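Here is the structure we will look at.
Where a number appears in this text, it was derived from the coordinates with a stated rule and is not lab data. Quantities reported herein were computed from a predicted structural model and do not represent experimental measurements. Please note: Cβ atoms are built from the backbone with ideal geometry, for glycine as well, and neighbour counts cover all protein chains shown.
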Amino acid sequence: MAACAQFILALIAVAPARPRLAARRTVARFAPVCSAARGEGAAQLVTDFYGRSRSSLRDQTEADEDRRHRSVVKIFTVTSRPNYELPWQSHPPESSTGSGLAIRDGGLNFILTNAHVVADATLIEVRKSGSARRFVARPYAVAHECDLAVLTIDDDDFWRRIWPLELGGVPHLRDGVTVVGYPEGGDSLCVTSGVVSRIELQVYEHSGASLLCLQIDAAINPGNSGGPAFDAAGRVVGVAFQNAPESQSIGYVIPVPIVNHFLRDIRENGGTYAGFPSIGVVCQHTENPQLRERLGLPKQGGGILVRGVHPLAAGPAEHKLRPDDVILSISGVEIASDGTCEVNAQERVSFAHLVHMNFPGDTCRMRVLREGRELELDVPALRLERLVPDAVERAPCYFIYGGVVFMPLTMGFLHEYGEDWYEDAPRDLVALWEHGMVTQPGEQVVVLSRILAAKETVGYGALSEKRVKSVNGQPVRNFRQLFLAVRQAAASGEPYVELALESPGGDAVLIIKNRSAPSVDETVSRTYRIPQLISDDLVEVIEELERSEGEDQGQGASVAEAQAGALLVSERHLGDARRAMGNAQSDEPETLQDDDVPEAFGVRVSSRLLESLQAADQSPETVVTMTGFERRQLIEAAYQEGANAVHARLVEIFRDEQQKQHAEQTALQDRVERPALEAVEAQVKGLQEREYRAPTRDVPCADERGACLRCYAQNAQAPLDCADKVAALDRCAQAVSRVHLQTAAASQ
């Protein structure tokens, strides 16, 4: 018992010691902080929202890292992507986010990001790290090829406490990198780390171009795009832009050489992107011993064989590459037999990168083996357009005829097949993107993109998504030429439009009946709610054709007649001049808005006006006063509507009116214009014989032809003060001719 009592007393005596020890530990833990806070000149505690404390005297590494992170921004975009499946409409607006970094180039502050982050954006906003305010930004330059873009922000408040980041160089393999950005799954800044695992050319998913790329083992997720990758020294070594979906923790970064090339490109071209050049050749490796022996190459040497030259490759003949040439070196760098060049003991890169680092218009110094002799050539670096162009930020081009939709083949069209478009899109179209070569200026691939359901298009469903090779036996060179060929066939009275479509084993044939095509188009436009049967760019083509047709008509008249028609430019007499001169030079087509009825190729006419023309026999003056564009619309509409009587009567009225106008113009020329021109010629001859000296008053004759007119009208005896006396004489003669013709026409 005594032993138990002593043990209990010992426990009671020892138990209070534990809290005291904990208290001492607490005092010991915080005592330095409290004492430092009381001391003068000591570090001050800074407590954040969560109660975490940090000394205000942080080391320089943490301060620099904080400044770098402040220069990484979050980008908010609202996009409206073009719909290449239904090109007459756009995809619904979407909101997305990305990342960006502040840089300074050419004395200007920019936000550098990816092109795919801001592509098709209707609104771009930028938010700084740790801030809740968004600033509106606008694109300064966008390069889809290398997936880079720079934004500018006009609000000066944004650039306060923003330090432009420094661009570094290309890291070594296994160097550590840190990727900073705003990936999905959160709203704050995210930092991930990894190492560089590869440096080589990769396909840029946004454009399909093969350019230099860094592969890292740090995760790059949606939202990280456009964010910087830092090296251990805090310098930017690249811009994050894509990942490998089939793998984990594999990301890709656009390296600094590509970024610098882009920045220099837009700096030297005023914000316009010229792109990466090529030498316009297709090459083959020379690793096979038999091939090397045939080409006269040593067994252990390098070199790549030129097996094809781009048809549009320009440059002096003596410096052009030829088939069967062997490229041995570029800019002094030896090319191995597998088409690579040495970077260091562990790294190699494709010879194409040596060409990419030039700019269009530069020359590449090459050592070439040709027919057993080594030559030194200065091969021009060219910007050659791809047969299937990169992504472009504009509405798709299209036209519909007979329920068939035609479009040029672009990367946007292929991207409609989804992220796996390379596997899911038709193989022949993908092959055109991979290997297609432009063989003549302006060449395009045109595809029959869609067959709209109608009774006239039954059985054509399997012919969609095929290349159009010819129309009525005429080879298709580009989209505009196909449109004009179909339009001409429809207007010339040919019964059918016959299209040859590229298909395995032989071309497929598609026939469109011209007589029924307008009614089919009217039906599908109502069914699919199609606002217009052609894209806006083709509307401009039609207007250009209308203007050129008006000019061609005007060329049939005399020069004096054309001058007289152009002279009556008074707004009050514009309509009278148009009728008097027979519309020798028509204005832009006027829009008719009364009960519009869609016709072929977007031509719209007034059905009420068409009905009123049933009484054309009684009131021919109704159509005599119309413009030439309106007349052609009505004639075509009457023909398409089957109103044969109206069509014949319209043709008769216009033919009679043209004959009458021609007789009036001939009489006017005999009575007024010839005498007036003779008088003008005599006066101009007198002017040419006079001495031209500086006048005593200011007459800027060399500036505007109106000045010549004022000079002659106000002081016909004064000499002219013109820098170019011959040009001044011509302008003055024209002005005098116009004033005399105007006076004669008004008196008549």
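In the calculated pair distance distribution of the range 261-314, what percentage of Cα-Cα distances lie above 18 Å?
The answer is 56 percent, as a whole percent.
Calculate the translational D of the range 265-359 in whole µm² s⁻¹ from Stokes-Einstein, where the hydrodynamic radius comes from the Kirkwood formula applied to all Cα pairs, the temperature is 4 °C and the viscosity 1.567 mPa s.
87
Tell me, how many Å apart are the Cα centres for the range 191-205 and for the range 508-536?
Answer, in whole Å: 49.
Hey, got the Cα dimensions of the range 346-477 along the principal axes, in Å, largest first?
66, 39, 30
Enumerate the residues in the range 477-492 having an amide nitrogen under 20 Å from the point lying 7 Å beyond the Cα of residue 507 toward its Cβ.
477-490
Over the Cα atoms of the range 394-548, compute the convex hull volume and normalise it per residue, giving Å³.
137
Under 12 Å from a point placed 7 Å out from the Cα of residue 174 along the Cα-to-Cβ direction: which residues of the range 188-229 have their backbone N that close?
Output list for this probe position: 196-197.
Which peptide among 485-497, 517-529 comes first, and what is the full order, when sorted by highest mean count of other Cβ atoms within 10 Å?
517-529, 485-497
To two decimal places, what compactness ratio does the range 463-516 give when its Cα radius of gyration is scaled by 2.2 N^0.38 Å?
Normalised Rg, Cα atoms only: 1.10.
Counting only other residues whose beta carbon sits under 12 Å from that of residue 235, what net charge do I get with K and R as +1, D and E as -1?
-3
Return the tail of the calculated pair distribution for the range 403-493, meaning the percent of Cα-Cα pairs more than 19 Å apart.
46
Using the Cβ atoms and a cut-off under 13 Å, what net charge is assigned to the surroundings of residue 466, where Lys and Arg are +1 and Asp and Glu are -1?
Local net charge: 0.
Translational diffusion coefficient of the range 129-177 at 37 °C, 0.692 mPa s, Stokes-Einstein with Kirkwood Rh over Cα pairs, in µm²/s as a whole number.
After rounding, the answer is 232 µm²/s.
For residue 201 and residue 424, calculate 0.36 nm times their separation in residues minus their Cα-Cα distance, and state this gained length in nm to one decimal.
Gain on stretching residue 201 to residue 424: 77.9 nm.
In nm, to one decimal, how far is the modelled label at residue 526 from the one at residue 249, with both set 7 Å along Cα→Cβ?
Distance between the two pseudo-spin positions: 6.3 nm.
Which whole number of Å³ per residue matches the convex hull of the alpha-carbon atoms in the range 83-170?
Cα convex hull per residue, to the nearest whole number: 137 Å³.
Add +1 for every Lys or Arg and -1 for every Asp or Glu among the other residues with Cβ under 11 Å from the Cβ of residue 396, and state the total.
That works out to -2.
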